[in-house]
Amino acid sequence: TSAQAWRGLYPIRQAPQITDPPQGYLGNQNISPDMMFDTPLLRPEDFPQGYAFQPGFTGSRQLRTIARLREGSDALGLPMSQPQQESLVEYVELLHKWNGVYNLTAVRDPIEMVTVHLLDSMAAFPVVRDVMEASNGDALLDIGAGACLPGIVLAVLGPQLHVTLVDAVQKKVAFMNQ
C-alpha cells in the first residue's frame, strides 16, 4: 500500500505547533518561524554523552530535525529509542540528498519531510502493528514504495516486521538500494 492509502486509512496530522522564535540557543540568528516549536530547541548538551550525530546534517539542522521527530512521535504516542531516531534522521538525510537526483518527493525541506513523510507514516504504525498481531503475521509488502514510505518507517518502528519494498520505477528502486 502506498503512503497515500495509509493517510486515507488512518488520517492524523499532529505537527508541532509553531510559536514565536525563542531566545536562547540560536540567539538572534535569522530563523524562519517554521523552525520553531512549542518546546525549547534542543542543545547538544541535551543529548546523552556519546550521541552519534549523523554526518551529513549540520548541527542546528540536525537538532531541529530531531526535535520535530521527537515532538511528533510523542504527540502520536510512539516514543522512539535513540537508534530508531538516528535511523530515521539518516533516512531523511538520504531522502534530502537524493531527492534532487531522483525527484522522489515535492517536499524539499528536511524539517518538513519529518512532518509530511515520517509522522504521516508513523501514524499508520499502531494499525499495522494491531493487524499484524491479530493475524500472527510478521511480513509486510509495501507495493509502490516510491521513496520507501511508509515501509521504511514501519520497519524502523517495528523491527520484528519483515518489510519488503517494491516499485516498478527504476530510479525509485535505485534510491531504495541506497
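The values are calculated or read from the model by the stated rules, or taken from the named source; none is laboratory data. These numbers come from a predicted model, not from an experiment. Cβ placement follows ideal geometry from the backbone for every residue including glycine, while neighbour counts extend to all protein chains displayed. The protein model used for the area step is the full one, side chains on, heavy atoms only, and it has no ligands, DNA or RNA in it. Shrake-Rupley method; radii C 1.70, N 1.55, O 1.52, S 1.80 Å.
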> Which value, in Å², gives the accessible area per residue of segment 54-178 when a 1.4 Å probe is used on the protein heavy atoms?
Replying inline: 44
>> Between S81 and V166, what's the calculated FRET efficiency when r is the beta-carbon distance and R0 is 30 Å? Round to 0.05.
In response: 0.60
> Probe 1.4 Å, all protein chains in place: accessible area of V128 in Å², nearest 10?
Replying inline: 0
> If one computes the Cα centroid of segment 156-173 and of segment 62-115, what distance in Å separates the two points?
Replying inline: 17
> If you roll a 1.4 Å probe over segment 89-178 with all protein chains in place, what percent of the accessible area is carbon or sulfur?
Replying inline: 55
> Taking H as built 1.01 Å from N, whose amide H comes closer than 5 Å to the amide H of D167, not counting residues under 5 places away?
Replying inline: G144, A145
> In the full protein assembly as shown, how much of R70 is accessible to a 1.4 Å probe, in Å² to the nearest 10?
Replying inline: 60
> Could you sort S81, S121, S135 by accessible area so the largest value comes first, with the probe set to 1.4 Å?
Replying inline: S135, S81, S121
